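Data block below; observations after.
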Amino acid sequence: MSQKIILEHHTKAGVEIVKVKGFMDLLQVRQFEVFMDQLIQTSSRKIVLDFTELEYISSAGLGAIIGCIREARAKSGDIKIGGCSKPVKDILESFGFSSVFTVTNTPEEAILKFGD
């Protein structure tokens with residue numbers, strides 16, 4: 001049985017919140033990239049990724065996040081990570097994401113970081 005990714009999107013306080021659920025590995029990463037590219041092209045480019053229900057992320061998923069952050073920043077926007085499941089938080093920390101990108105405990109905390 002193939003694991004899948006579920007992407008949900010809403011806007012709060014002028015920031016796009018993308019809730020990512022399930023698994024983000026090589027098989028699902030393209031779906032994430034297409035979704036994010038469209039959002040970056042059409043939104044305010046202030047985006048929070050909510051990983052509280054993401055169970056797994058592969059190196060391909062990490063690469064996709066970096067690419068999306070670069071694209072948003074090139075368009076004068078940014079992407080912050082607001083909330084992670086324990087397994088994903090461990091992966092992000094082991095790859096040094098928390099020292100390079102904004103990673104907060106909740107989407108609400110990430111939204112506030114756009115005011116800094």
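Here are the numbers for the structure shown:
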| quantity | calculated |
| --- | --- |
| Antiparallel %, DSSP beta bridges [both residues in the chain], to 5 | 35 percent |
| Other-chain or far-sequence residues with amide H under 5 Å of T102's (modelled H) | I81 |
| Footprinting exposure proxy for K75, K113 (fewest neighbouring C-beta atoms within 10 Å first) | K75, K113 |
| Calculated from backbone phi, Karplus (6.51, -1.76, 1.60) coupling profile of the range 26-42 in Hz, x at Gly/Pro | 4, 6, 9, 4, 5, 4, 5, 4, 5, 4, 5, 4, 4, 5, 5, 6, 10 |
| Karplus 3J(HN,Hα) series, Hz, for the range 97-113 with 6.51 cos²θ - 1.76 cosθ + 1.60 (x for Gly, Pro) | 4, 5, 8, 9, 10, 6, 10, 10, 7, 9, x, 4, 5, 5, 4, 4, 5 |
| Order by protection proxy (mean Cβ within 10 Å, highest first), peptides 78-87, 54-63, 98-107, 3-12 | 78-87, 54-63, 98-107, 3-12 |
| Magnitude of the charge dipole, the chain, Cβ model with Lys/Arg +1 and Asp/Glu -1, debye to 20 | 200 debye |
| Note, ³J(HN,Hα) from phi for the range 58-73, Karplus 6.51, -1.76, 1.60, rounded to Hz, x at Gly and Pro | 8, 4, 5, x, 4, x, 5, 4, 4, x, 5, 5, 4, 5, 4, 5 |
| Convex hull volume of the range 27-105 per residue (C-alpha atoms, cubic angstrom) | 83 Å³ |
| Amide hydrogen neighbours beyond the local backbone of L54, cut-off 5 Å, H modeled | G22, S85 |
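Laboratory data are not the source of any read-out in this text; all were calculated from the coordinates shown. Quick caveat: nothing in here was measured; it's all calculated off a predicted structure. A quick note on method: Cβ atoms are made from the backbone with ideal geometry, for glycine too, and the neighbour counts reach across all protein chains shown.
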